[in-house]
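Quick notes on the structure that follows.
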Amino acid sequence: MLSISTSWMKDGEDITRWLDRVEALGFEAVELSYKVTAEQLRQAGDHLKASSLKVSSIHNFCPLPDD
């Protein structure tokens with residue numbers, strides 16, 4: 001399984017658009033990194049349910065704590 005980390009996202013990038021791009025590039029899975037915010041995680045979860053992408057791993061911490 002070919003996977004890529006969300007660490008490769010640019011700061012402030014729309015996670016759903018990023019997920020669409022990596023899926024189009026042929027990736028099968030993503031690692032959710034510590035940079036993912038709670039809001040991005042919610043958006044990614046909704047998006048992944050409708051996508052063929054899988055989550056290969058979750059980086060400690062995910063989402064990034066607010067404090």
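Projecting each Cα onto the charge dipole of the chain (Lys/Arg +1, Asp/Glu -1 at the beta carbon, about the Cα centre), which of 65, 51, 8 comes out farthest on the positive side?
51
Residue 1 to residue 49: extension gain in nm, 0.36 nm per residue of separation minus the Cα-Cα distance? Working shown, then result.
Values: separation 48, 0.36 × 48 = 17.28 nm, distance 1.81 nm.
Separation in residues times 0.36 nm, less the Cα-Cα distance, equals 15.5 nm.
Pairs of alpha-carbon atoms within less than 8 angstrom and 6+ residues apart define the contacts here; what relative contact order does the chain have, in percent? List each step's numbers first, then the result.
Details: 94 pairs, mean separation 26.0, N = 67.
For the chain, the relative contact order is 39 percent.
For the chain, what does the helix formula give at 222 nm: sum of -39500 (n - 2.57) over DSSP H segments with n ≥ 4, over the residue count, nearest 500 deg cm²/dmol?
-10000 deg cm²/dmol
Using a ≥ b ≥ c from the Cα gyration tensor of segment 2-63 (square roots of the eigenvalues), is it rounded, prolate or oblate, where a/c under 1.5 gives rounded and otherwise the larger of a/b and b/c decides, a/b for prolate?
Values: a/c = 1.38, a/b = 1.29, b/c = 1.07.
Rounded, since a/c falls under 1.5.
A short reminder: the numbers here are calculations on the coordinates, not readings from a lab. It should be emphasised that the depicted structure is a prediction, and the values quoted were computed from it without experimental measurement. In this analysis, Cβ positions are derived from the backbone assuming ideal geometry, glycine residues included, and neighbour counts consider all displayed protein chains.
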